[in-house]
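Here, each number is a calculation from the coordinates, and none is a lab measurement. Being a predicted model, the structure only gives us computed values, none of them experimental. With ideal geometry, Cβ positions are generated from the backbone for all residues, glycine too; neighbour counts draw on all protein chains shown.
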Amino acid sequence: MANKIIFPDNFIWGAATASYQIEGAWNKHGKGESTWDRFTHTPGKIRNNDNGDMANDHYRLWKKDIGLMKKLGLQAYRFSISWPRVLPTGRGKVNQKGLDFYSKLVDGLLSAGIDPFVTLEHWDLPQALEDKGGWTARSTTEAFVEYADVISRALGDRVHSWITHNEPAVVAWLGYETGVHAPGVKDLPASLRAAHHLLLSHGMAVPVIRNNSKDAEVGITLNIGWKVPASNSKMDMDSARLDDGKWFRWFADPVYGRGYPSDMVKHFTKLGGAPNGLDFVQSGDMDTIAVPTDFIGLNYYGRNLHRVEDPNNDPQIFFPHPKTPEHWTEMDWENYPDGLTGVLGRVYFNYNPLKIYITENGASYSTPPDENGNVADVHRTNYLRTHFAAAQRAIQAGVPLAGYFVWSLMDNFEWSFGYSQRFGIVWVNYETQERILKDSAKWYKTVIRKNGF
Ligand code: FCB
């Protein structure tokens, strides 16, 4: 690559993980059961019946993992807190041992010169709350605020970057509509209620966090794909619009004060999702959700081309990449860097966030260690290089992108796919818990050092 790609001063280079995916210790030291514990312990839900009981044993090995981050030169680390580790039944009595774990983790990061970015909810809801309806119940929003209060009071002096929820769309649609994620509910009206309560709890928690953590920046992380019609036929265009509406606008529009998008209200109503209208929306809710935030976190993984098979459709223009590992990751997600430039521009120019972080981007490739113990994950390095360059093009176009968190620091439990997918820049041997820096991690280290490549 001839041209130098240099990032702005103060650009933040990080990596991300999530509690359930790495911690293990699912029932240690007073931790309560989460919906993901319950779900993975139910046979047939997860590929190979894998679970996070042990995962990366990070609860025990966290110091070693901070050592890895230091070795990489990470400037920031995005992790999530396991709600039931701190509040075993969701509300009420605090499990001090659980809280201490995160407090020590934060201290450890700070003394390694790594800035902690804390996500409060990355999917592992206390099962005790799920038993009362989980996100479909309005009372869970109050529980979330209490939880946010406990955490931000305990860590707010040392943590300055807060994310309320990770990908509420995935919780609502995969957790409560299709049921392929915990808690495994399959009920469209319930999923719309869940989406609303996730958003509402975000809006309710932001002022509480601000109050406990002075000078903190607070935001929410949404997943976004580059959704494009494969032709200009109406069916293809409608399909792309609805997909974007469901997965992105349904969440971004309320957060930015626009309410629920009317085309989607119509769509969900037609599907039977709102038999009594949006009766879960109470007066004042939409203002609460639209509370000002300091940034939006975006998780970007690829492009979704929309082609609806129809004999009356216009001639198709359909150019997906060939299915080679260079262009398709092992998740069967397309490697499409230009889409990252696209979504960054689109979000900035449409919604005008003060700041954007890419809170996740990365690729699943299972390249194992060779006989010398090196992991030559060329496809991952290529994926990251092209996506970093795509992000830099957005910055040049005026997008206030302030940081980039690679998903993931290390291989981990990939939800319904179990351990079959490896997203890490660090290899994890799940038998021995040995960690090996992959070639992509070594390359990333030089990017961080040079603030570019
Ligand atoms: C995102 C999740 C993250 C990880 C990546 C691959 O949707 O936030 O936990 O599973 O996908």
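For this structure, a couple of remarks:
- Overall, the chain carries a charge dipole of about 860 debye about its Cα centre when +1 sits on the Cβ of Lys and Arg and -1 on the Cβ of Asp and Glu, all other atoms neutral.
- Per principal axis, descending, Cα span of the chain in whole Å: 57, 57, 45
- At R0 = 30 Å, FRET efficiency that the Cβ-Cβ distance of M54 and Q96 yields, to 0.05: 0.80
- Over the C-alpha atoms of the range 133-265, the Rg to Rh ratio, Rh being the Kirkwood estimate, stands at 1.04.
- Spherically averaged projected area of the convex hull of Cα atoms, the range 50-206: 9.2 nm².
- Taking only the C-alpha atoms of the range 154-195, the Rg (one decimal) and the largest Cα-Cα distance, Dmax (whole number), read 14.0, 41 Å.
- With neighbours defined as other Cβ atoms within 10 Å of a residue's Cβ, the residues D285, D263 order from fewest to most as D263, D285.
- Under the criterion of Cα pairs below 8 Å and six or more residues apart, the relative contact order for the chain equals 18 percent.
- Each helix, a run of at least 4 DSSP H residues, gives -39500 (n - 2.57); summed and divided by the residues of the chain, these come to -11500 deg cm²/dmol at 222 nm.
- Computed over the range 348-430: relative contact order in percent, which uses C-alpha pairs under 8 Å that are six or more apart: 37
- Based on the Stokes-Einstein relation at 25 °C and a viscosity of 0.890 mPa s, and on the Kirkwood radius from alpha carbon pairs, the range 12-88 is assigned a translational diffusion coefficient of 182 µm²/s.
- Three-way shape call for the range 285-441 based on the alpha-carbon gyration tensor, with the a/c threshold at 1.5: oblate
- Pairs exceeding a 21 Å alpha-carbon distance, out of K63/K438; K63/K445; K45/K93: K45/K93.
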